1. Please go through the range 4-32 and give me each residue that is in a loop (DSSP other than H, G, I, E, B), over 16 Å from the mean Cα position of the chain (by Cα) and either at pLDDT 85 or above or not hydrophobic (A, V, I, L, M, F, W, C) (or both), ordered by number.
2. Criterion first (modelled with pLDDT of 95 or more, hydrophobic (A, V, I, L, M, F, W, C) and loosely packed, with under 13 Cβ neighbours inside 10 Å) does A111 satisfy it?
3. Go through (1) over 18 Å from the mean Cα position of the chain (by Cα); (2) buried (at least 17 other Cβ atoms within 10 Å of the Cβ) one by one and return the number of the condition N35 breaks.
4. So which pairs qualify, if the first residue must be in the range 35-54 and in contact (Cβ under 8 Å) with a residue 40 or more places away in the chain, the second must be surrounded by fewer than 18 Cβ atoms within 10 Å (Cβ to Cβ) and in a loop (DSSP other than H, G, I, E, B), the Cβ gap must be under 7 Å, and the two must be at least 6 apart or on different chains?
5. It is to be established whether one or more residues within the range 76-98 are acidic (D, E), over 13 Å from the mean Cα position of the chain (by Cα) and closer than 16 Å to V16 by Cβ.
6. Test of understanding: among D63, D58, D46, D95, which residue is modelled with pLDDT under 95 and either among the charged types (D, E, K, R) or closer than 29 Å to P137 by Cβ (or both)?
7. Could you check how many residues of the range 97-123 are under 17 Å from L81 (Cβ atoms) and not in a helix (DSSP H, G or I)?
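The values are calculated or read from the model by the stated rules, or taken from the named source; none is laboratory data. Given the structure is predicted, the values throughout are model-derived calculations rather than measurements. When we count neighbours, we look across all protein chains shown, and the Cβ atoms used for this are built from the backbone with ideal geometry, even at glycine.
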Amino acid sequence: MAPAARGRRPARTQAVFLLYQHDVTGLDLDDLEENLRRDGGGTPDDFTRALVDGVHVDRGHIDGLIAGAAEGWTVDRIAPLERNILRVAVHELVDYPETPVAVTIAEAVQAAKTYCGAEAPAFVNGILGAIARRERPGEAT
């Protein structure tokens, strides 16, 4: 489990892992947060909670954006950890315009490098780049 969040990068990581656990176990997010606290992982900070809640509430729209950018892939075919890295990043791209596109994409690519297979970083980068070009065209590179 990810450590207690102390800044935006750890908060993003903690959000990804909470959403990943929810995705693969079906456990309630509140129960997963309680497990995190009980296991010494601390209480999710406000940014972690906002990311988790935002993805959870808007998952259909987020998954639609991912599916639209993932040519030939359905969201359910994307590995669960990669899928949740993408979900958190897409939520941030869409709902946090104060966060630069480059920062959001770099953070997601770094998470994929750290936690996923060798091909995941390029996959994540490609999908997020395509979404950023559509959602934030003036800023995307």
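1. Taking the range 4-32 and keeping what is in a loop (DSSP other than H, G, I, E, B), we get 4-7, 26-28.
Now restrict to residues that are over 16 Å from the mean Cα position of the chain (by Cα): 4, 6, 26-28.
Of everything in the range 4-32, those that are in a loop (DSSP other than H, G, I, E, B), over 16 Å from the mean Cα position of the chain (by Cα) and either at pLDDT 85 or above or not hydrophobic (A, V, I, L, M, F, W, C) (or both) turn out to be R6, G26, L27, D28.
2. no
3. The failed condition is (2).
4. The qualifying pairs are G41/M1; G41/P3; G41/A4.
5. Of all residues in the range 76-98, those acidic (D, E) come to 76, 82, 92, 95, 98.
Still in the list and also over 13 Å from the mean Cα position of the chain (by Cα): 76, 98.
Narrowing further to those that are closer than 16 Å to V16 by Cβ: none.
The answer is no; no qualifying residue exists.
6. Values: D63 fails: modelled with pLDDT under 95; D58 fails: modelled with pLDDT under 95; D95 fails: modelled with pLDDT under 95.
Testing whether each residue is modelled with pLDDT under 95 and either among the charged types (D, E, K, R) or closer than 29 Å to P137 by Cβ (or both) leaves just D46.
7. Summing the residues that are under 17 Å from L81 (Cβ atoms) and not in a helix (DSSP H, G or I) in the range 97-123 gives 4.
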